[in-house]
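To keep things clear, I will list the structure first and then write my remarks on it.
Every number here is computed from the coordinates shown, using simple stated rules; none is lab data. Quantities reported herein were computed from a predicted structural model and do not represent experimental measurements. Note that each Cβ is placed from the backbone with ideal geometry, even for glycine, and that neighbours are counted across all protein chains shown.
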Ligand code: ADE
């Protein structure tokens, strides 16, 4: 899969994504990530890419033309075939909230373009012309789209086959099945007087799996009860949940 990040701060994005699991996946050619500097497509001799907003207001706006030229240069070299355009995501707090489901869907693309705004945003006209998806990473405002683009690349890239060595680990984790992940422990068996739950040392795989699912249910109940409504619980697990709630003294999440 190929990610193309259009930004005024290419080093920021590349420095953040060239390490660890994603960095290794790039070396192994499972992914490519390029950051294209929008300033390289400035059309005036001062290389400026921003201007005041018509109608007044605080701050500066990124102009349409440098963004468009960056996009045009990129798509011209992509060779997508007649009339084909890549998916272009504009990172913005006004977009649809990013989710695991969205990451899974976008991981199926071969090319994904991420457009990062800065300052007060980008001239609306170029957004209308090139953007296919508006995505926010949460209800807070950042200074630019670079960190959100990095978040998206990380979440999507790890779903590309082969990126995680252990393919099952992308399957059984938080948000799979709408349950949060169970707690995990490693050596030593006792740390600061805290004992690893004995069932994990028992070697009894059925009991371990049951305990993990129950822990996931308890965690989801306590931290994200909204997810629990969509979780796929077996009859036994539903009984476990009712029992847990009764012991806790509440009948519903
Ligand atoms: N740009 C600024 N804030 C953002 C957010 N929360 N999500 C995506 N892009 C942004």
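Angle of helix 205-223 to the longest C-alpha principal axis of the chain, folded into 0 to 90 degrees and rounded to 10: 60°. Note on the chain: with a GNM built from Cα contacts shorter than 10 Å, the maximum mean-square fluctuation among 126, 196, 113 falls on 196. Each residue in 212, 87, 194 was given a count of other beta-carbon atoms within 10 angstrom of its own, and listing them fewest first yields 194, 87, 212.
Helix 64-78 and the long axis of the chain differ in direction by around 70°, with both axes built from C-alpha atoms. For the chain, the Kirkwood hydrodynamic radius from C-alpha pairs, put into Stokes-Einstein at 25 °C and a viscosity of 0.890 mPa s, yields a diffusion coefficient of 115 µm² per second. The long axis of helix 235-248 is offset from the longest Cα principal axis of the chain by roughly 80 degrees.
If you take the Cα centroid of the stretch 183-218 and the Cα centroid of the stretch 76-136, the two points sit 42 Å apart. For the pair residue 196 and residue 143, a Förster radius of 30 Å applied to the C-beta separation gives a FRET efficiency near 0.10, rounded to the nearest 0.05. Out of 52, 140, 90, any idea which swings most in a Gaussian network model of the chain, alpha carbons joined below 10 Å? Result: 140 has the largest fluctuation of those listed. In the elastic network of the chain, a GNM with C-alpha springs shorter than 10 Å, the most mobile of 33, 208, 218 is 208.
As a rough footprinting exposure proxy, the listed residues 240, 98, 3, 43 were ranked by other beta carbons within 10 Å of their own, and the order from fewest upward is 43, 240, 98, 3.
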